[in-house]
1. Let me spell out the model: positive unit charges on the Cβ of Lys and Arg, negative unit charges on the Cβ of Asp and Glu, origin at the Cα centre of the chain. What dipole size does that give, in debye rounded to 20?
2. Quick one: Karplus J couplings for the stretch 229-238, per residue in order, coefficients 6.51, -1.76, 1.60, θ = phi - 60°, nearest Hz, x for Gly and Pro?
3. Let me have the relative contact order for the chain, percent, based on Cα pairs under 8 Å that are six or more residues apart.
4. Roughly to the nearest percent, how much of the accessible area of the chain is carbon and sulfur, given a 1.4 Å probe?
5. On a 1.4 Å probe surface of the protein chains, which of R38, R220 comes out largest in accessible area, and what is the full order?
6. If Lys and Arg each add +1 and Asp and Glu each add -1, what is the summed charge of the other residues whose beta carbon sits under 11 Å from the beta carbon of G253?
7. Could you give the length gained by full extension between S39 and S84, i.e. 0.36 nm per residue of separation minus their alpha carbon distance, to one decimal place?
8. Looking at the square roots a ≥ b ≥ c of the eigenvalues of the Cα gyration tensor of the stretch 32-81, which shape do they give, rounded for a/c under 1.5, prolate if a/b is larger than b/c, or oblate?
Amino acid sequence: MFDYKGKNVVVVGGTSGINLAIALAFAQAGANVAVASRSAEKVNAAVKLLREANPKGTHMGASFDVRDVDGLTAGFSQFNVHFSQIDVLVSGAAGNFPAPAALLSENGFKSVMDIDLLGSFQVLKQAYPLMTRPGGCIIQISAPQAFVAMPMQAHVGAAKAGVDMLTKNLALEWGCEGIRINSIVPGPISGTEGFNRLAPSAELQERVAKSVPLQRNGLRQDIANGALFLASPMASYITGVVLPIDGGWSLGGASMAMAELALLATTRAKE
Ligand code: COA
Ligand code: NAP
(Lines give C-alpha, C1' and ligand atoms only; values in the text may rest on other atoms or scores of the structure.)
(Ligands and ions follow the chains in the order given, each with its own letter.)
Protein backbone atom coordinates (compact mmCIF):
# COMPACT_ATOMS: atom_id res chain seq x y z
CA MET A 1 0.00 0.00 0.00
CA PHE A 2 2.89 2.40 0.69
CA ASP A 3 5.90 3.09 -1.51
CA TYR A 4 9.03 4.28 0.30
CA LYS A 5 11.47 3.49 -2.52
CA GLY A 6 14.48 5.82 -2.31
CA LYS A 7 13.43 7.26 1.06
CA ASN A 8 15.88 7.27 3.98
CA VAL A 9 14.54 6.08 7.34
CA VAL A 10 16.39 6.09 10.67
CA VAL A 11 14.99 4.08 13.60
CA VAL A 12 16.67 4.72 16.95
CA GLY A 13 16.06 1.77 19.26
CA GLY A 14 15.24 -0.15 16.09
CA THR A 15 16.97 -3.44 16.84
CA SER A 16 14.21 -5.38 18.59
CA GLY A 17 10.49 -5.55 19.28
CA ILE A 18 8.11 -2.91 18.01
CA ASN A 19 10.77 -0.61 16.59
CA LEU A 20 12.47 -3.43 14.64
CA ALA A 21 9.07 -4.30 13.14
CA ILE A 22 8.72 -0.65 12.09
CA ALA A 23 12.20 -0.66 10.54
CA LEU A 24 11.46 -3.88 8.62
CA ALA A 25 8.11 -2.54 7.39
CA PHE A 26 9.80 0.53 5.92
CA ALA A 27 12.46 -1.69 4.30
CA GLN A 28 9.77 -3.96 2.82
CA ALA A 29 8.11 -0.83 1.41
CA GLY A 30 11.36 -0.01 -0.41
CA ALA A 31 13.17 2.34 1.99
CA ASN A 32 16.84 2.55 2.90
CA VAL A 33 16.91 1.99 6.65
CA ALA A 34 19.39 2.69 9.44
CA VAL A 35 18.93 1.32 12.96
CA ALA A 36 20.69 2.09 16.22
CA SER A 37 20.84 0.78 19.77
CA ARG A 38 23.41 -0.03 22.48
CA SER A 39 24.22 -3.61 21.54
CA ALA A 40 26.44 -4.00 18.45
CA GLU A 41 25.29 -7.62 18.22
CA LYS A 42 21.61 -6.59 18.03
CA VAL A 43 22.48 -3.86 15.51
CA ASN A 44 24.27 -6.35 13.23
CA ALA A 45 21.41 -8.86 13.45
CA ALA A 46 18.86 -6.16 12.61
CA VAL A 47 20.85 -4.92 9.61
CA LYS A 48 20.99 -8.52 8.32
CA LEU A 49 17.18 -8.73 8.55
CA LEU A 50 16.82 -5.38 6.77
CA ARG A 51 19.03 -6.65 3.91
CA GLU A 52 16.85 -9.77 3.61
CA ALA A 53 13.69 -7.63 3.65
CA ASN A 54 14.92 -5.27 0.92
CA PRO A 55 18.10 -6.46 -0.81
CA LYS A 56 18.12 -3.43 -3.13
CA GLY A 57 18.15 -0.86 -0.33
CA THR A 58 21.12 0.66 1.49
CA HIS A 59 20.92 -0.38 5.11
CA MET A 60 23.22 0.34 7.99
CA GLY A 61 23.46 0.39 11.76
CA ALA A 62 25.27 2.17 14.55
CA SER A 63 25.64 1.21 18.17
CA PHE A 64 25.28 3.95 20.75
CA ASP A 65 23.49 4.73 23.99
CA VAL A 66 21.04 7.64 23.62
CA ARG A 67 22.39 8.91 26.99
CA ASP A 68 25.86 9.37 25.47
CA VAL A 69 25.94 12.57 23.40
CA ASP A 70 29.36 11.81 21.86
CA GLY A 71 28.17 8.37 20.75
CA LEU A 72 24.94 9.84 19.37
CA THR A 73 26.86 12.51 17.45
CA ALA A 74 29.20 9.90 15.95
CA GLY A 75 26.23 7.70 14.99
CA PHE A 76 24.33 10.49 13.28
CA SER A 77 27.54 11.52 11.44
CA GLN A 78 27.62 7.98 10.01
CA PHE A 79 23.96 8.27 8.97
CA ASN A 80 24.77 11.62 7.33
CA VAL A 81 27.56 10.06 5.26
CA HIS A 82 25.28 7.31 3.92
CA PHE A 83 22.00 9.26 3.78
CA SER A 84 22.52 12.93 2.88
CA GLN A 85 19.08 13.59 4.38
CA ILE A 86 16.59 11.77 6.60
CA ASP A 87 13.00 11.48 5.33
CA VAL A 88 11.65 9.59 8.34
CA LEU A 89 13.05 9.45 11.88
CA VAL A 90 11.56 7.05 14.42
CA SER A 91 12.65 7.70 18.00
CA GLY A 92 11.79 4.68 20.13
CA ALA A 93 14.66 3.79 22.48
CA ALA A 94 13.22 3.19 25.95
CA GLY A 95 13.67 1.34 29.20
CA ASN A 96 11.02 0.07 31.57
CA PHE A 97 10.68 -2.05 34.70
CA PRO A 98 7.78 -2.24 37.14
CA ALA A 99 8.61 -0.63 40.47
CA PRO A 100 6.51 1.06 43.14
CA ALA A 101 7.45 4.74 43.44
CA ALA A 102 8.13 4.46 47.17
CA LEU A 103 10.81 1.84 46.54
CA LEU A 104 12.31 3.35 43.40
CA SER A 105 15.77 4.88 43.85
CA GLU A 106 16.63 8.29 42.44
CA ASN A 107 18.92 6.58 39.96
CA GLY A 108 16.17 4.15 38.90
CA PHE A 109 13.83 7.07 38.15
CA LYS A 110 16.65 9.00 36.48
CA SER A 111 17.75 6.10 34.25
CA VAL A 112 14.28 5.93 32.63
CA MET A 113 14.03 9.72 32.35
CA ASP A 114 17.51 9.83 30.79
CA ILE A 115 16.76 7.12 28.21
CA ASP A 116 13.14 7.90 27.32
CA LEU A 117 12.91 11.69 27.67
CA LEU A 118 16.35 13.27 27.58
CA GLY A 119 17.46 10.58 25.11
CA SER A 120 14.54 11.37 22.80
CA PHE A 121 15.35 15.08 22.97
CA GLN A 122 18.98 14.41 22.04
CA VAL A 123 17.94 12.10 19.18
CA LEU A 124 15.56 14.73 17.77
CA LYS A 125 18.22 17.43 18.08
CA GLN A 126 20.75 15.30 16.20
CA ALA A 127 18.24 14.51 13.46
CA TYR A 128 16.88 18.04 13.08
CA PRO A 129 19.56 19.48 10.74
CA LEU A 130 19.40 16.34 8.56
CA MET A 131 15.61 16.18 8.11
CA THR A 132 14.22 16.67 4.60
CA ARG A 133 12.63 20.10 4.24
CA PRO A 134 9.80 20.18 3.39
CA GLY A 135 8.44 16.68 3.89
CA GLY A 136 10.49 15.26 6.77
CA CYS A 137 8.51 13.19 9.26
CA ILE A 138 9.37 12.28 12.85
CA ILE A 139 7.56 9.59 14.83
CA GLN A 140 8.09 9.21 18.56
CA ILE A 141 7.13 5.97 20.27
CA SER A 142 5.27 6.83 23.44
CA ALA A 143 3.17 4.65 25.81
CA PRO A 144 -0.27 4.76 27.45
CA GLN A 145 1.47 5.50 30.77
CA ALA A 146 1.94 9.06 29.41
CA PHE A 147 -1.72 9.87 30.05
CA VAL A 148 -3.17 6.87 31.93
CA ALA A 149 -2.03 6.52 35.54
CA MET A 150 -0.71 3.02 36.26
CA PRO A 151 0.74 1.57 39.46
CA MET A 152 4.49 0.81 39.40
CA GLN A 153 4.94 3.08 36.38
CA ALA A 154 5.51 6.58 37.85
CA HIS A 155 8.95 6.83 36.22
CA VAL A 156 7.72 5.71 32.77
CA GLY A 157 4.58 7.88 32.96
CA ALA A 158 6.64 10.98 33.76
CA ALA A 159 9.10 10.26 30.97
CA LYS A 160 6.59 9.41 28.25
CA ALA A 161 4.34 12.38 29.16
CA GLY A 162 7.43 14.49 28.49
CA VAL A 163 7.97 12.69 25.19
CA ASP A 164 4.44 13.61 24.06
CA MET A 165 4.86 17.26 25.07
CA LEU A 166 8.12 17.30 23.08
CA THR A 167 6.10 16.05 20.11
CA LYS A 168 3.62 18.91 20.48
CA ASN A 169 6.19 21.63 21.11
CA LEU A 170 8.41 20.61 18.22
CA ALA A 171 5.43 20.26 15.87
CA LEU A 172 4.81 23.93 16.68
CA GLU A 173 8.43 24.98 16.23
CA TRP A 174 9.37 22.89 13.19
CA GLY A 175 6.08 22.90 11.24
CA CYS A 176 7.03 26.07 9.35
CA GLU A 177 10.07 24.20 7.96
CA GLY A 178 7.85 21.42 6.61
CA ILE A 179 8.80 18.90 9.32
CA ARG A 180 5.93 16.95 10.88
CA ILE A 181 6.20 15.17 14.23
CA ASN A 182 3.70 12.82 15.87
CA SER A 183 3.67 10.26 18.70
CA ILE A 184 2.40 6.70 18.41
CA VAL A 185 1.12 5.14 21.63
CA PRO A 186 1.27 1.33 21.32
CA GLY A 187 -1.11 -0.72 23.44
CA PRO A 188 -0.04 -4.08 24.92
CA ILE A 189 1.95 -5.67 22.10
CA SER A 190 2.44 -9.46 22.12
CA GLY A 191 5.93 -10.92 21.96
CA THR A 192 7.74 -7.78 23.11
CA GLU A 193 10.14 -7.04 25.95
CA GLY A 194 8.04 -4.15 27.21
CA PHE A 195 4.86 -6.22 27.54
CA ASN A 196 6.70 -9.25 28.96
CA ARG A 197 8.14 -7.07 31.72
CA LEU A 198 4.71 -5.76 32.76
CA ALA A 199 2.74 -9.00 32.31
CA PRO A 200 5.32 -11.79 32.67
CA SER A 201 3.16 -14.87 31.86
CA ALA A 202 0.72 -16.08 29.22
CA GLU A 203 -2.04 -16.06 31.86
CA LEU A 204 -1.43 -12.40 32.76
CA GLN A 205 -1.25 -11.42 29.09
CA GLU A 206 -4.59 -13.12 28.49
CA ARG A 207 -6.11 -11.08 31.36
CA VAL A 208 -4.79 -7.93 29.70
CA ALA A 209 -6.30 -8.97 26.35
CA LYS A 210 -9.72 -9.14 28.03
CA SER A 211 -9.33 -5.53 29.21
CA VAL A 212 -8.82 -4.29 25.62
CA PRO A 213 -12.09 -3.14 23.98
CA LEU A 214 -11.11 -4.96 20.76
CA GLN A 215 -10.46 -8.09 22.90
CA ARG A 216 -6.92 -8.86 21.80
CA ASN A 217 -3.38 -7.78 22.48
CA GLY A 218 -1.69 -5.92 19.63
CA LEU A 219 0.76 -7.17 17.05
CA ARG A 220 4.01 -5.46 16.17
CA GLN A 221 2.65 -5.09 12.64
CA ASP A 222 -0.29 -3.03 13.99
CA ILE A 223 2.20 -0.39 15.11
CA ALA A 224 4.31 -0.66 11.95
CA ASN A 225 1.16 -0.06 9.87
CA GLY A 226 0.48 3.14 11.83
CA ALA A 227 4.05 4.34 11.26
CA LEU A 228 3.83 3.67 7.50
CA PHE A 229 0.62 5.71 7.38
CA LEU A 230 1.87 8.62 9.52
CA ALA A 231 5.03 9.03 7.43
CA SER A 232 3.12 8.89 4.13
CA PRO A 233 1.65 11.70 2.02
CA MET A 234 -1.78 10.49 3.21
CA ALA A 235 -0.92 12.01 6.60
CA SER A 236 0.62 15.21 5.21
CA TYR A 237 -1.67 17.49 7.27
CA ILE A 238 -1.20 15.57 10.53
CA THR A 239 1.30 16.95 13.02
CA GLY A 240 1.54 17.28 16.80
CA VAL A 241 -0.81 14.33 17.29
CA VAL A 242 -0.54 11.65 20.00
CA LEU A 243 -2.08 8.61 18.33
CA PRO A 244 -3.01 5.55 20.41
CA ILE A 245 -2.82 2.30 18.42
CA ASP A 246 -4.11 0.13 21.21
CA GLY A 247 -7.48 -1.42 20.40
CA GLY A 248 -9.03 1.19 22.70
CA TRP A 249 -7.02 0.02 25.76
CA SER A 250 -6.17 3.54 26.97
CA LEU A 251 -9.88 4.44 27.19
CA GLY A 252 -10.06 2.72 30.57
CA GLY A 253 -9.01 -0.93 30.49
CA ALA A 254 -5.30 -0.08 30.76
CA SER A 255 -5.63 1.46 34.20
CA MET A 256 -7.77 -1.37 35.59
CA ALA A 257 -5.61 -4.14 34.08
CA MET A 258 -2.36 -2.66 35.40
CA ALA A 259 -3.85 -2.18 38.87
CA GLU A 260 -4.86 -5.86 38.85
CA LEU A 261 -1.37 -6.94 37.71
CA ALA A 262 0.28 -4.78 40.37
CA LEU A 263 -1.94 -6.28 43.09
CA LEU A 264 -1.14 -9.81 41.90
CA ALA A 265 2.61 -9.06 41.82
CA THR A 266 2.50 -7.63 45.36
CA THR A 267 0.47 -10.57 46.71
CA ARG A 268 2.80 -13.09 45.07
CA ALA A 269 5.89 -11.25 46.39
CA LYS A 270 4.49 -11.50 49.95
CA GLU A 271 3.74 -15.26 49.64
N1 COA B 1 13.22 -2.23 40.11
C2 COA B 1 13.71 -1.16 40.73
N3 COA B 1 14.84 -0.49 40.32
C4 COA B 1 15.45 -0.96 39.22
C5 COA B 1 14.99 -2.07 38.49
C6 COA B 1 13.82 -2.72 38.97
N7 COA B 1 13.29 -3.79 38.36
N8 COA B 1 15.81 -2.29 37.41
C9 COA B 1 16.76 -1.33 37.48
N10 COA B 1 16.54 -0.54 38.55
C11 COA B 1 17.38 0.56 39.03
C12 COA B 1 18.76 0.05 39.42
O13 COA B 1 18.75 -0.53 40.72
C14 COA B 1 19.59 1.33 39.32
O15 COA B 1 19.40 2.15 40.44
P16 COA B 1 20.50 2.17 41.66
O17 COA B 1 21.79 2.63 41.06
O18 COA B 1 19.91 3.15 42.64
O19 COA B 1 20.56 0.77 42.21
C20 COA B 1 18.95 2.04 38.13
O21 COA B 1 17.64 1.49 37.97
C22 COA B 1 19.73 1.86 36.86
O23 COA B 1 19.91 0.46 36.66
P24 COA B 1 21.02 -0.11 35.65
O25 COA B 1 20.81 -1.59 35.55
O26 COA B 1 22.38 0.39 36.05
O27 COA B 1 20.60 0.66 34.32
P28 COA B 1 21.03 0.44 32.83
O29 COA B 1 21.31 1.76 32.31
O30 COA B 1 22.05 -0.63 32.69
O31 COA B 1 19.65 -0.18 32.19
C32 COA B 1 17.26 -0.15 32.42
C33 COA B 1 18.50 0.62 32.02
C34 COA B 1 17.25 -0.32 33.94
C35 COA B 1 16.07 0.68 32.00
C36 COA B 1 17.23 -1.59 31.80
O37 COA B 1 16.06 -2.25 32.24
C38 COA B 1 17.27 -1.58 30.28
O39 COA B 1 18.35 -1.51 29.70
N40 COA B 1 16.12 -1.66 29.58
C41 COA B 1 16.04 -1.67 28.10
C42 COA B 1 15.05 -2.70 27.59
C43 COA B 1 13.65 -2.41 28.02
O44 COA B 1 13.39 -1.90 29.13
N45 COA B 1 12.71 -2.72 27.14
C46 COA B 1 11.33 -2.40 27.32
C47 COA B 1 11.07 -1.09 26.63
S48 COA B 1 9.54 -0.45 27.16
P1 NAP C 1 12.52 -3.50 23.21
O2 NAP C 1 12.49 -4.66 22.28
O3 NAP C 1 13.31 -3.64 24.48
O4 NAP C 1 13.00 -2.23 22.39
C5 NAP C 1 13.79 -1.19 22.95
C6 NAP C 1 14.83 -0.81 21.93
O7 NAP C 1 15.55 0.34 22.41
C8 NAP C 1 15.87 -1.90 21.70
O9 NAP C 1 16.30 -1.83 20.36
C10 NAP C 1 17.01 -1.51 22.64
O11 NAP C 1 18.21 -2.09 22.15
C12 NAP C 1 16.95 0.01 22.50
N13 NAP C 1 17.47 0.74 23.67
C14 NAP C 1 17.14 0.56 24.98
N15 NAP C 1 17.84 1.41 25.74
C16 NAP C 1 18.62 2.13 24.89
C17 NAP C 1 19.57 3.17 25.09
N18 NAP C 1 19.86 3.63 26.32
N19 NAP C 1 20.19 3.70 23.98
C20 NAP C 1 19.91 3.24 22.74
N21 NAP C 1 19.01 2.26 22.51
C22 NAP C 1 18.38 1.72 23.57
O23 NAP C 1 11.06 -3.06 23.68
P24 NAP C 1 9.60 -2.92 23.03
O25 NAP C 1 8.68 -3.47 24.03
O26 NAP C 1 9.54 -3.37 21.62
O27 NAP C 1 9.42 -1.32 23.10
C28 NAP C 1 9.67 -0.47 22.00
C29 NAP C 1 9.03 0.89 22.23
O30 NAP C 1 7.61 0.74 22.35
C31 NAP C 1 9.48 1.61 23.49
O32 NAP C 1 9.58 3.00 23.24
C33 NAP C 1 8.36 1.33 24.47
O34 NAP C 1 8.27 2.31 25.49
C35 NAP C 1 7.16 1.38 23.54
N36 NAP C 1 5.97 0.65 24.04
C37 NAP C 1 5.97 -0.71 24.08
C38 NAP C 1 4.83 -1.38 24.46
C39 NAP C 1 4.78 -2.89 24.46
O40 NAP C 1 3.70 -3.47 24.65
N41 NAP C 1 5.87 -3.55 24.23
C42 NAP C 1 3.69 -0.67 24.84
C43 NAP C 1 3.72 0.73 24.81
C44 NAP C 1 4.87 1.38 24.39
P45 NAP C 1 19.55 -2.25 23.06
O46 NAP C 1 19.21 -3.12 24.22
O47 NAP C 1 20.56 -2.85 22.11
O48 NAP C 1 19.96 -0.87 23.47
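The values are calculated or read from the model by the stated rules, or taken from the named source; none is laboratory data. Given the structure is predicted, the values throughout are model-derived calculations rather than measurements. Note: ideal-geometry Cβ built from the backbone for every residue, glycine included; neighbour counts use all protein chains shown. What goes into the accessible areas is simple: the full protein's heavy atoms, side chains included, and nothing from ligands, DNA or RNA. Shrake-Rupley method; radii C 1.70, N 1.55, O 1.52, S 1.80 Å.
1. Once rounded to the nearest 20, the dipole reads 320 debye.
2. Running phi through 6.51 cos²θ - 1.76 cosθ + 1.60 with θ = phi - 60° gives 5, 4, 8, 8, x, 5, 10, 5, 10, 10 Hz.
3. Relative CO of the chain lands at 18 percent.
4. Summing carbon and sulfur atoms, their accessible area is 58 percent of the total for the chain.
5. Most to least solvent-accessible, the answer reads R38, R220.
6. Net charge in that neighbourhood comes out at 0.
7. Taking S39 through S84 to full extension adds about 13.7 nm, to one decimal.
8. oblate
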